[in-house]
Structure formats: structure tokens, C-alpha cells
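Encoded as C-alpha cells, the structure appears first; notes follow it.
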Amino acid sequence: MRELAVSLGVTRDVITSETRSLSTLQNALFSLPDLPQNGRIIAVSEGFHLPRVWASLQWAALNDNRSFDIALSNSEPFRSTSPNLNWPEGAMVWREVLATGFNTLRAAAWQIGGIIGTENRDDWLK
């Protein structure tokens, strides 16, 4: 996505890319050091995934006392199946619905872990 943005005229100095995460929640949390304290950011992901990206970034920002105006851009048109897994049409939508619910529970557990002083809770967001 970085190279596509550059090819479309975006300068490299305004692009961030986080590579440690294993989940959307971790990506949002681990991206914070590279993002401005407040202001506008543009998140790029697949169309079906954008609502969860937005929610995850809002969650991470709130946990760091930040506020972002988040613009969303899809990297490809909405797809309703997984080409690598041979899932039936519409399966990606249901997968995303389930993943959103699961993320809500993991984020809540992460919050509670912080309240009770649990260390290394970022692994809970995988």
C-alpha cells in the first residue's frame, strides 16, 4: 500500500506502516507512536474491513488521550469471499461481523487488565 500511495503522489514522509501487529487492535495500538498527537489520518484497508479499522483506531486513540479525524479509503472494491480460502459468497461479511464482536471483547479485557495492573496485555490483542 505504501508503494501504491507513493506512485499516486503521496510523499513518503507522511506515510506510516506498522509491521509488528497480528490483529487490527494491535495495529491500531502499535501505530500510535508514528501518528500525530491529534489531527487527520487516512486509514487504508479492504472495504469490508474499514468499519473495524475505524473503531480500532478510535479505541487506540482514546486510550492514549488522542483524537483523530479518521478518513477511510478502501484498497480494493468490496469483496464478499476469500480467494485463498474458497469461502462462499458473503462469508467475508459474516467473518467481519464475528471479528468485530470478538474485538470488542478483547478490547474490554485489555482495558480491565490495565485497570488491575496486568503486564504484557498487548498479547491479548492477537
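The values are calculated or read from the model by the stated rules, or taken from the named source; none is laboratory data. A quick note: this is a predicted structure, and the numbers were derived from the prediction, not measured. Neighbour counts run over all protein chains shown; Cβ positions are idealised from the backbone, glycine included.
In table form, for the structure just shown:
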| read-out | value |
| --- | --- |
| Qualifying residue in the stretch 79-102 (condition: in a loop (DSSP other than H, G, I, E, B) and under 20 Å from Arg20 (Cα atoms)) | no |
| Lone unmet requirement of (1) closer than 18 Å to Arg2 by Cβ; (2) in contact (Cβ under 8 Å) with a residue 24 or more places away in the chain; (3) in contact with a Leu (Cβ under 9 Å, 6 or more places away or on another chain) for Thr16 | (2) |
| Residue check, Glu119 of a type in the set (D, E, K, R), in a loop (DSSP other than H, G, I, E, B) and either closer than 20 Å to Leu32 by Cα or modelled with pLDDT of 90 or more (or both) | yes |
| Odd one out for Val14 among (1) farther than 18 Å from Phe68 by Cβ; (2) loosely packed, with under 11 Cβ neighbours inside 10 Å; (3) among the hydrophobic types (A, V, I, L, M, F, W, C); (4) at pLDDT 85 or above | (1) |
| Hits in the stretch 1-56 (condition: of a type in the set (Val, Ile, Thr) and within 21 Å of Asp122 (Cα to Cα)) | Thr16, Thr19, Thr24, Val53 |
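So that you can scan it fast, the table gives a plain yes or no per residue for (1) under 15 Å from the mean Cα position of the chain (by Cα); (2) surrounded by 14 or more Cβ atoms within 10 Å (Cβ to Cβ); (3) without any contact (Cβ under 8 Å) to a residue 12 or more places away in the chain:
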site: Val44; (1), (2), (3): yes, yes, no
site: Val53; (1), (2), (3): yes, yes, no
site: Ala91; (1), (2), (3): no, yes, yes
site: Gly101; (1), (2), (3): yes, no, yes
